[in-house]
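Trainee: Dropping the structure in here first, questions after.
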């Protein structure tokens with residue numbers, strides 16, 4: 001059975017090992033340049049940090065003075081434990097059901113290719129945009145974006161794009177629309193129990209109220225533990241790395257309650273409470289939601305628990321919505337055996353075709 005060429009391109013992108021700690025961004029840039037040439041998009045690489053390229057594909061509109069549309073995705077993916085996968089996590093193996101297994105199928109190489117393939121279809125239809133459209137591929141989102149989007153939004157290259165609205169990533173299952181996020185705070189400190197108790201309290205809230213989602217409570221992830229010299233010696237120092245989605249003031253108060261001697265170091269901290277309005281006061285939201293409703297797509301608005309790059313746009317008061325057209329799929333971001341069915345992927349392209357039409361031609 002012949003494979004849709006869009007799926008073939010998706011699988012090719014998945015095979016490029018942009019995996020930390022040593023992502024192959026060079027091969028990804030070459031791949032994206034080839035796609036840009038095929039489609040007829042302007043291609044540019046912005047270097048905001050050594051070996052951290054940002055790719056900008058541009059489709060010029062009829063009125064370049066209007067604020068433009070930004071479709072954002074990140075090239076990098078998180079590490080894998082290959083022994084726990086059914087197939088090589090960078091083979092993009094497709095099974096008999098059309099499920100494509102690879103790191104990045106959901107987070108978020110699917111979205112990047114869906115943007116490009118949607119534009120390919122629109123250009124083939126001789127569709128003309130009113131506004132400029134920029135498809136952005138950034139590095140290091142999975143490391144917190146310190147050498148990616150965080151630097152890019154402060155650059156002259158970004159300012160010259162005149163962004164008026166952005167789309168970024170969200171989660172799978174029911175279509176999720178993200179209008180704000182909890183900031184990501186990573187710390188090293190000596191005391192674990194207090195925060196695990198806090199985690200359990202919030203988990204209980206989640207279990208006892210079916211109307212809540214993970215974005216409605218505070219979360220704690222214990223991600224790194226180190227210390228000790230041998231099994232019968234109590235270590236002089238023990239280090240735990242945790243990922244927090246809560247306010248800085250709340251965290252510092254909890255540390256103080258436990259011990260005044262507890263030392264901690266902020267590995268990364270981002271403090272922003274910027275929110276994109278999701279009501280009729282925001283014409284971008286109206287265009288987005290009306291288009292989704294016109295396709296009879298059920299979606300829910302939520303606060304995203306992860307630190308996506310959309311937060312940098314919101315901090316500049318640029319409205320940004322997180323959206324990944326993935327439904328009827330288990331959420332496997334950062335998990336073993338991450339996969340996406342080719343039919344879900346292709347349906348996502350159709351959705352983006354209509355969203356781009358509506359957003360880029362909004363009066």
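Every number here is computed from the coordinates shown, using simple stated rules; none is lab data. The shown structure was predicted, so the numbers you read here are calculated from the model rather than taken from an experiment. Neighbour counts are summed over all protein chains in view; Cβ atoms, including those assigned to glycine, are modelled from backbone coordinates with ideal geometry.
Trainee: Quick check of the Kirkwood formula: for region 1-95, what is the inverse mean of 1/r over all pairs of different Cα atoms, in Å?
Mentor: Taking every pair of different Cα atoms in region 1-95, averaging 1/r and inverting gives 15.6 Å.
Trainee: Rank the residues 171, 281 as a footprinting-exposure proxy: fewest other Cβ atoms within 10 Å of their Cβ go first.
Mentor: Lowest count first: 281, 171.
Trainee: When averaged across all projection directions, what area in nm² does the alpha-carbon convex hull of region 63-183 cover?
Mentor: Answer in nm², one decimal: 10.2.
Trainee: Can you grab the distance from the C-alpha centre of region 9-23 to the C-alpha centre of region 89-117, Å, no decimals?
Mentor: 10
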